[in-house]
1. Quick check on my link table: of Lys66/Lys264; Lys83/Lys315; Lys151/Lys238; Lys178/Lys230; Lys50/Lys264; Lys134/Lys315, which ones sit more than 31 Å apart, alpha carbon to alpha carbon?
2. Which length gain, in nm to one decimal place, applies between Tyr63 and Asn304 when the Cα-Cα distance is subtracted from 0.36 nm times their residue separation?
3. Quick check: the angle from helix 160-171's long axis to the longest principal axis of the chain, C-alpha only, nearest 10 degrees?
4. Just going by the charge dipole of region 78-152, with Lys and Arg at +1 and Asp and Glu at -1 on Cβ, which of Val91, Val124, Leu109 is farthest out on the positive end?
5. Shape verdict for region 204-247, please, from the Cα gyration tensor: rounded (a/c under 1.5), prolate (a/b greater than b/c) or oblate.
6. Please list the non-local residues whose amide H lies under 5 Å from the amide H of Glu121, H modeled 1.01 Å from N, same-chain partners needing a gap of 5 or more.
7. Projected onto the charge dipole of the chain (+1 at Lys/Arg Cβ, -1 at Asp/Glu Cβ, origin at the Cα centre), which of Ala177, Val319, Gly45 gives the Cα projection farthest towards the positive end?
8. Compare Ala280, Ala164, Ala255 in a GNM of the chain, Cα atoms joined below 10 Å, and give the one with the largest fluctuation.
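All of the numbers you see were taken from the coordinates with simple rules; none came from a lab. Just so we're clear, the structure is a prediction, and the values are computed from it rather than from any experiment. Cβ: placed from backbone, ideal geometry, glycine included. Neighbour counts: every protein chain shown.
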Amino acid sequence: MRRDTFLKSLAAFAAAGSLPLSAFAAANIKVMIPANPGGGWDATGRALGKALQDAGVATTVTYENKGGAAGVLGLAQFYNASKGDPNALMVMGAVMLGGMIASKPPVALSQVTPIARLTTEYGVFVLPENSPFKTMKDVVEQMKKDPGSVKWGGGSRGSTEHIAAAMIAREVGVDAAKINYVPFRGGGEAVAAILGGNVTVGGSGYSEFAQYISSGKMRAIGITSGTRVKGIDVPTLKEQGINVEIGNWRGVYGAADITPAQRKALTDMVVQATKSKAWAQALQTNNWTSALLAGPEFEAFVDNNFASLRATMVKAGMV
């Protein structure tokens, strides 16, 4: 029997309850990370891979990074290269939805298979340590004087930090279309630009900036949560008089053209991984909030979030 046929048979048997999840231990799980190394998707994908192994549902996990266009380039590659593969996963999240709204992608998210939402995290805006600005108020005042003089650095066009920057502009009376947003293909590139003073203010998930904030190389000036986040000493935008709140969730999808039984088996593996010690440690280390949602509920959530993000981006003048 061919190996791929054998693995598909295992998936079907496991989904039917005939085999335990440990029957998948010999499979090689392949994780597509549609961003360059060093960012939130990269950390999520690798943390999940470690958790899959820790839970005993996978023996080996390989990773592939393909950054650009808010994950849309990686999505296209994942769709074309992984059709029918029951052992393939792709990291995704709110950033990808924003990127798809902001562009005309060749592949729709509906062409691959929803598996589970994993985490949620709020974005934080930071200044480099040598910035002449000290607070978000300073940044806003400069933006009011000359919108183009403030360079906002973050993820790809349509990312949550891009949307947040546009929302901030709109809330303080600045034409969001005039903001100077500099997109980067991955968290590593954004960090380098901020530390080098190549952007005025940077935005991303708190976990990506935490070490630089604690060392004093970055100054955190605002977080996009509605209320203060436990363990993160950063003022919200709302408490600074800017009525902006937006979260960033992350999850995983499976390949196109897998069977319902294979989808269930893959979902079960991911859910099992989130119960592992390795995953609990990743949540704590990265200040991620667990937001597990799987099955039809996750699929409905994605559809609703896509519609909500589109409305927000239209309101902010981004589309």
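1. Working: Lys66/Lys264 26 Å; Lys83/Lys315 36 Å; Lys151/Lys238 22 Å; Lys178/Lys230 34 Å; Lys50/Lys264 21 Å; Lys134/Lys315 29 Å.
The answer is Lys83/Lys315; Lys178/Lys230.
2. Values: separation 241, 0.36 × 241 = 86.76 nm, distance 2.94 nm.
Additional length available on full extension: 83.8 nm.
3. 30
4. Highest projection toward the positive end goes to Leu109.
5. Values: a/c = 2.10, a/b = 1.86, b/c = 1.13.
Prolate shape, in that a/c is at least 1.5 and a/b is the bigger ratio.
6. Those lying under 5 Å, H to H, from Glu121 are Asn248, Trp249.
7. In the chain, that residue is Gly45.
8. Comparing Ala280, Ala164, Ala255 in the GNM, the peak value goes to Ala280.
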